[in-house]
1. Applying the selection to segment 25-67, what residues are of a type in the set (Asp, Glu) and part of a loop (DSSP other than H, G, I, E, B)?
2. So which residues in segment 86-107 are hydroxyl-bearing (Ser, Thr, Tyr) and either assigned to a loop (DSSP other than H, G, I, E, B) or over 25 Å from residue 169 (Cβ atoms) (or both)?
3. Six or more apart or on different chains, Cβ under 8 Å: which pairs go from a residue in segment 29-53 that's within 15 Å of residue 91 (Cα to Cα) to one that's open to solvent by 70 Å² or more (accessible area, probe 1.4 Å)? Could you list them?
4. Confirm whether residue 85 is crowded, with 18+ Cβ neighbours inside 10 Å, modelled with pLDDT of 95 or more, farther than 30 Å from residue 19 by Cβ and of a type in the set (Gly, Ala, Ser).
5. Considering only residues that are open to solvent by 40 Å² or more (accessible area, probe 1.4 Å), closer than 26 Å to residue 151 by Cβ and outside any helix (DSSP H, G or I), which ones fall in segment 108-134?
6. Taking interchain pairs and intrachain pairs at least six residues apart, which have beta carbon atoms under 6 angstrom, with the first residue in segment 72-100 and touching a residue at least 40 places away in the same chain (Cβ under 8 Å) and the second among the basic types (Lys, Arg) and assigned to a loop (DSSP other than H, G, I, E, B)?
7. Which of the residues that make up segment 140-170 are of a type in the set (D, E, K, R) and open to solvent by less than 40 Å² (accessible area, probe 1.4 Å)?
8. Any idea which residue in segment 1-36 is surrounded by the fewest Cβ atoms within 10 Å (Cβ to Cβ), counting only those that are farther than 14 Å from residue 51 by Cα and among the acidic types (Asp, Glu)?
Amino acid sequence: MPLRTREILELVAIWNDAETARRRDYHAYLAGKGGREDTFEEHLRKYGALIRTGELATPAEIRGLGDAVGSALPEELAEFYTTLGMLRGGGPAGELSIFSARELLRRMHDPEVPRYEAIVSPGLTRMMSACWGNDRFEFDPASGCISAAELAAIDDAYTCVGWVSSDPGLEGHTYVYFDREGRFGSLFYHQDGFDELHEDALVPMIESSPARRSLSEILLESLRPAGRRSNDDDEGAPGER
């Protein structure tokens, strides 16, 4: 299935144009009060929640990420990495952290990356832990919340490519992943709901994959204004968004 690049870029442009206009108005308001010395371009660079693309992947980076996953990347994802590269920054559904292949490889392999930024592997639970600076005790088998066998089974079956900070309080994120068949899904986890996540989503995912969507559908859903989002979420485990 081809990536719906044009539609994605159109929504990115709509968001960025609106954010730029909002920041321009606010910068003018601050300048009118006096004492504002930075230019609008400096203000936008420091404070604007623009969505960034770029860091297009090379063939070697695509192969390297496939090696880390243990299989060839889904064609739609490989197209994303070579045409859009990444989606980072603000967005209607929350801050986007859909990383470039280069960023994922750097955080997995560069020994200079600090522990709180490191990615041990692109497996789903490892990435969920990485989202929290690798400091969520629930994903440590020693906590008794989940077993090592369960973690291994989930990370073997599902690969995460990033997340959206979809909770206004920044205590929950929607994780974007794909399964062994190259089908995509999304999974919401709030820091106070691990027991529900484990029982209602992660354990059933070991038995069968709930992924039913394309990467384009999930990305477009996160980029549409709230009133335009569809309700055709994945069928499958509770916690799916």
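1. Once the filter is applied, which keeps residues that are of a type in the set (Asp, Glu) and part of a loop (DSSP other than H, G, I, E, B), segment 25-67 yields 37, 38, 55.
2. Residue satisfying the conditions is 100 alone.
3. That search, which allows pairs on different chains as well, returns 49/95; 53/9.
4. In short, no.
5. Within segment 108-134, 110, 111, 114, 120, 132 meet the criteria.
6. Every condition considered, no pair remains.
7. Within segment 140-170, 155, 167 meet the criteria.
8. 25
The values are calculated or read from the model by the stated rules, or taken from the named source; none is laboratory data. If you're wondering where the values come from, they're calculated on a predicted model, not measured in any experiment. Counting neighbours? That spans all protein chains shown, and the Cβs are built from the backbone with ideal geometry, glycine included. Just the protein is used for accessible areas: all its heavy atoms, side chains included, with ligands, DNA and RNA removed. Shrake-Rupley method; radii C 1.70, N 1.55, O 1.52, S 1.80 Å.
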